[in-house]
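Comments concern the structure below.
Values in this text are rule-based calculations from the coordinates and carry no lab data. Please read these numbers as outputs of a predicted model, since none were measured by experiment. Note that each Cβ is placed from the backbone with ideal geometry, even for glycine, and that neighbours are counted across all protein chains shown.
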Amino acid sequence: MAGPRRSFLDRLVNRSELRRWSSRARKVHTAPLSELRAQRNQARALRGSLDYLIYFGDSRLALPTIGSNAFPVPHGTDWSWRPQLWRGPLAQHGLTAVASGEKLGEEVTMFHDCETSELTLRQVRNHRESDLAPYALRMDVFGFDGSFLSLVVNLPDEALEGLRKRHLIRLDTLVQMEKPLAIFARLNIKHGPNTEQLIRELPLHEADRMVEFDLAYSDINEKRIEKAWIDLIFEGPQMNEVTLRDFTLSRRPRADL
């Protein structure tokens, strides 16, 4: 009996709280400043808990599961990651007339040299049963008067812990586009004053749209690695819509010979 009774009391309390805050919202323009200041501080404290509940409530109720970092990785993988933009909802879902250096979320930045930006970035929800990532990144390019366009994804510090020249770094993508274009992936590793760069073209016409970067062919100083990032470089992007349905990275040591 305690369960149903507690549930009923919880509903009554929730209704009372909702009515109280709705009333405060209606009176916000006429409330005395002393009361308004206290109510604002209470609302700010409450908002943090509500945002937390909404974010993780969505992550459990939606399909694909928001926040999911699950995806197939090769045997021997010692680190794997899906950036936040593809995992969960961002506070800012889109950008228009994107300026060079403008960020969507904390990890993705667009760079270009257009005089007039006719570029948009949007986070969109994945709904297909085949999608493992909860969200996707959609880029619309209309007129393009520049010479380069790239999206930069910054790798987290965890990717650099224990990173050695014997590691392979694998990038898996799922890309849709209105018309064909070439996309190159460039791994950048800053070590001391130098930055090592490894570049691969994404095999967009193959079922397995994966590239690997073999650090054995690099000149990185393992003791001075500071940061790393991936550039996605788009060639001839004008009048196109490109959707990155998924973007995942993994790392594994190469087999000993």
Item to check | Selection from 210, 152, 29 lying farthest towards where the dipole of the chain points positive, charges on Cβ | outcome: 29
Checklist entry - Give or take rounding to whole Å, what are the principal axis extents of the alpha carbon atoms in the range 77-162, in descending order? => result 42, 35, 22
Checklist entry - Among the GluC sites (Glu not before Pro) within the range 205-257, which fall in a DSSP loop and have no more than 10 other Cβ atoms within 10 Å of their own Cβ? => result 206
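If eta is 1.567 mPa s and T is 4 °C, what Stokes-Einstein diffusion coefficient results for the range 122-257, Kirkwood Rh from Cα pairs, in µm²/s? If you can, show how the numbers build up before the last one.
Details: Rh = 16.2 Å.
For these conditions, the coefficient is 80 µm²/s.
Over the chain, what relative contact order in percent results from Cα pairs under 8 Å that are six or more residues apart?
On the way: 477 pairs, mean separation 54.1, N = 257.
That works out to 21 percent.
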Checklist outcome for this item: Kirkwood-based Rg/Rh on the Cα set of the chain evaluates to 1.09
Item to check | Likely footprinting exposure, 217, 135, fewest C-beta neighbours within 10 Å first | outcome: 217, 135
